[in-house]
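Enquirer: One structure is given below, represented as structure tokens, and several questions about it will come after.
The values are calculated or read from the model by the stated rules, or taken from the named source; none is laboratory data. It should be emphasised that the depicted structure is a prediction, and the values quoted were computed from it without experimental measurement. For neighbour counting, all protein chains shown are included, and Cβ atoms are generated from backbone atoms with ideal geometry for every residue, glycine included.
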Amino acid sequence: MAKIKSLGPSYGTRARKNVDSLVKPYFVGPNRRCTDLQIVELIDLIQNFARFRDGEAYLPSQLKKPGRPHSVLTNEHSLFLQDLYDKNPSATLKQAQDQLWERFTVAITQSGLQKHLVKCCGLTMKKLKKVTAYRNLLETIKKKMNWVFNMDKENINYDEYNFIDEAGFNLHLRRTFGRSKKGQPAKEGVSNNRGVNVSILGAIAAEGIVNLSLIKPQAVTTSKKRKLQDDEECLVSKVGT
């Protein structure tokens with residue numbers, strides 16, 4: 001049986017020669033020196049040779065690249081978070097963490113939860129728009145719809161009318177940002193009688209703005225009196241509506 005001649009030295013022989021050619025200039029001779037980059041190259045070469053010796057993948061194309069870990073949250077968790085923020089748009093990440101743990105016994109960091117809310121749930125942070133609870137009642141919505149239908153039947157010339165509207169600002173402290181689905185405003189219901197309200201009244205017509213006024217809270221005097229140094233009496237006022 002004829003012997004097959006070798007076409008050249010094996011990979012192991014060539015690897016050992018490469019190691020010798022790399023190591024000796026670094027550590028042998030009067031001008032020997034070793035930089036950080038050379039150390040990294042040497043370590044990579046030794047590791048690749050060890051993989052070849054053990055029969056493992058050693059080429060860069062064969063090595064698995066590190067990827068991102070899979071998310072611990074599934075589609076069921078996404079639906080739960082969407083329902084949570086639909087009911088309470090101002091819920092914090094800490095509150096969402098607690099709800100996930102109580103419901104599913106799942107632990108996740110706040111940064112990971114924030115990424116999941118944006119990428120998987122479509123929930124983004126935006127400024128909250130506060131609306132009264134009465135505004136979203138079914139009875140109120142039906143009244144508005146009936147009023148629009150009746151106005152449409154009257155064939156009114158709107159060029160002859162002035163339209164007045166009120167924009168109210170609630171001064172009590174609440175969270176100003178909340179989460180909602182992309183493309184939808186973040187709304188949160190508030191009590192009708194809570195805090196001091198500042199109103200802006202505006203009137204417009206077909207020609208433009210007719211009038212714009214600001215209604216501030218008026219001071220309400222009480223029966224409490226306070227004496228000053230010169231025996232003068234002063235009424236103590238409080239802000240009211």
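Enquirer: Taking the condition at pLDDT below 80, of a type in the set (A, V, I, L, M, F, W, C) and surrounded by 10 or more Cβ atoms within 10 Å (Cβ to Cβ), does A186 pass?
Expert: Yes: the conditions hold for A186.
Enquirer: Then there is this: If I filter the range 122-131 for residues that are not in a strand (DSSP E or B) and not small (G, A, S), do I get at least one hit?
Expert: Looking through the range 122-131, none of the residues is not in a strand (DSSP E or B) and not small (G, A, S).
Enquirer: For the subset of the range 120-166 comprising residues that are free of Cβ contacts under 8 Å to residues at least 12 places away in the same chain and of a type in the set (S, T, N, Q), which member is farthest from H77 (Cα to Cα)?
Expert: N157
Enquirer: Could you identify the single residue in K144, K115, K129 that is within 30 Å of E207 (Cα to Cα) and surrounded by 12 or more Cβ atoms within 10 Å (Cβ to Cβ)?
Expert: After applying the criteria, what remains is K129.
Enquirer: Sticking with this structure for a sec: Spot the failing condition for N136; the list is (1) in contact with a Gly (Cβ under 8 Å, 6 or more places away or on another chain); (2) among the polar types (S, T, N, Q); (3) surrounded by 13 or more Cβ atoms within 10 Å (Cβ to Cβ), and only one is missed.
Expert: N136 satisfies all of (1) in contact with a Gly (Cβ under 8 Å, 6 or more places away or on another chain); (2) among the polar types (S, T, N, Q); (3) surrounded by 13 or more Cβ atoms within 10 Å (Cβ to Cβ) except (3).
Enquirer: Next question. Give the range 108-119 a look and list any residue that's in contact (Cβ under 8 Å) with a residue 24 or more places away in the chain and β-branched (V, I, T), or say none.
Expert: Residue satisfying the conditions is I108 alone.
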